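The values are calculated or read from the model by the stated rules, or taken from the named source; none is laboratory data. Note that the structure is predicted; figures quoted are calculated from it, not measured. Ideal geometry is used to build each Cβ from the backbone, glycine not excepted, and the neighbour counts take in all protein chains shown.
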Amino acid sequence: MIIIRNVRSADAEAILRIYAPFVLDSAVSFELELPSVEDMQKRIAHYTEKYPWLVAEENGEVIGYAYASSYRERLAYQYNVETSVYIDQQHQRKGVAKKLYDELFSILKEKGFYQAFAVITMPNEKSEAFHKANNFNSFAVFENVGFKFNQWHNVLWMSRKIGD
């Protein structure tokens with residue numbers, strides 16, 4: 001059974017295990033180096049001051065996570081968030097990401113947020129299809145904005161209304 005719960009600082013190591021292939025083996029994340037456990041713990045502490053960060057746990061093991069973060073820093077953007085979801089490669093396509101997003105968006109709506117943005121490195125048909133299936137709409141492609149693995153990458157921006 002999959003349990004969705006709030007992240008804990010102690011989850012940082014498991015989160016890094018899930019995140020590592022996205023950083024080290026793909027352009028999905030534009031980070032060039034994997035953060036340390038301490039850096040991830042600092043991120044968790046910083047983001048959760050204002051935004052939800054959830055983990056999916058099965059049999060006591062963290063198998064995925066989703067979180068919201070600031071869309072932009074200026075005050076007029078305060079009702080919008082950027083969202084991310086990462087699932088352990090062995091647990092993808094089993095509904096874990098959907099469960100995480102359903103709970104994440106429920107919390108975001110309750111907290112009064114208006115709109116969420118997803119930023120997806122292209123090509124990434126799985127992520128694009130997942131976000132479309134979760135009520136996100138494409139609205140822009142930023143060309144050649146990330147340079148990783150000796151090549152330029154485009155990013156697709158998608159948005160989803162959260163609340164009123």
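Numbers at a glance
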{"quantity": "When residues of the range 69-111 are limited to those that are among the acidic types (Asp, Glu) and farther than 17 Å from residue 19 by Cβ, the one surrounded by the most Cβ atoms within 10 Å (Cβ to Cβ)", "calculated": "103"}
{"quantity": "Number of the condition not met by residue 129 [criteria: (1) under 16 Å from the mean Cα position of the chain (by Cα); (2) surrounded by 13 or more Cβ atoms within 10 Å (Cβ to Cβ)]", "calculated": "(2)"}
{"quantity": "Yes/no for residue 103 being part of a strand (DSSP E or B), among the charged types (D, E, K, R) and either modelled with pLDDT of 95 or more or farther than 25 Å from residue 13 by Cβ (or both)", "calculated": "no"}
{"quantity": "The one condition in (1) out of contact with any His (no Cβ under 6 Å at 6 or more places or on another chain); (2) farther than 21 Å from residue 7 by Cβ; (3) not aromatic (Phe, Trp, Tyr) that residue 121 fails to fulfil", "calculated": "(1)"}
{"quantity": "Subset of the range 49-86 that is in contact with a Phe, Trp or Tyr (Cβ under 8 Å, 6 or more places away or on another chain) and among the β-branched types (Val, Ile, Thr) - its residue that is farthest from residue 7 (Cα to Cα)", "calculated": "81"}
{"quantity": "Residue in the range 127-145 that is of a type in the set (Asp, Glu), touching an Asp or Glu at 6+ places or on another chain (Cβ under 9 Å) and outside any strand (DSSP E or B) present", "calculated": "no"}
{"quantity": "Matching residues in the range 19-68 - criterion: being surrounded by 17 or more Cβ atoms within 10 Å (Cβ to Cβ) and in a strand (DSSP E or B)", "calculated": "53, 54, 55, 56, 57, 62, 63, 64, 65, 66, 67, 68"}
{"quantity": "Flag if residue 145 is touching a strand residue (DSSP E or B) at 6+ places or on another chain (Cβ under 7 Å), at pLDDT 95 or above, surrounded by 16 or more Cβ atoms within 10 Å (Cβ to Cβ) and farther than 19 Å from residue 20 by Cβ", "calculated": "no"}
{"quantity": "Close pairs (6 angstrom Cβ cut-off, 6 or more residues apart or separate chains): over 16 Å from residue 83 (Cα atoms) and among the polar types (S, T, N, Q) in the range 30-53, modelled with pLDDT of 95 or more and assigned to a helix (DSSP H, G or I) anywhere", "calculated": "41/9; 41/12"}
{"quantity": "Residue tally, condition of a type outside the set (A, V, I, L, M), assigned to a helix (DSSP H, G or I) and within 19 Å of residue 46 (Cβ to Cβ), over the range 1-18", "calculated": "3"}
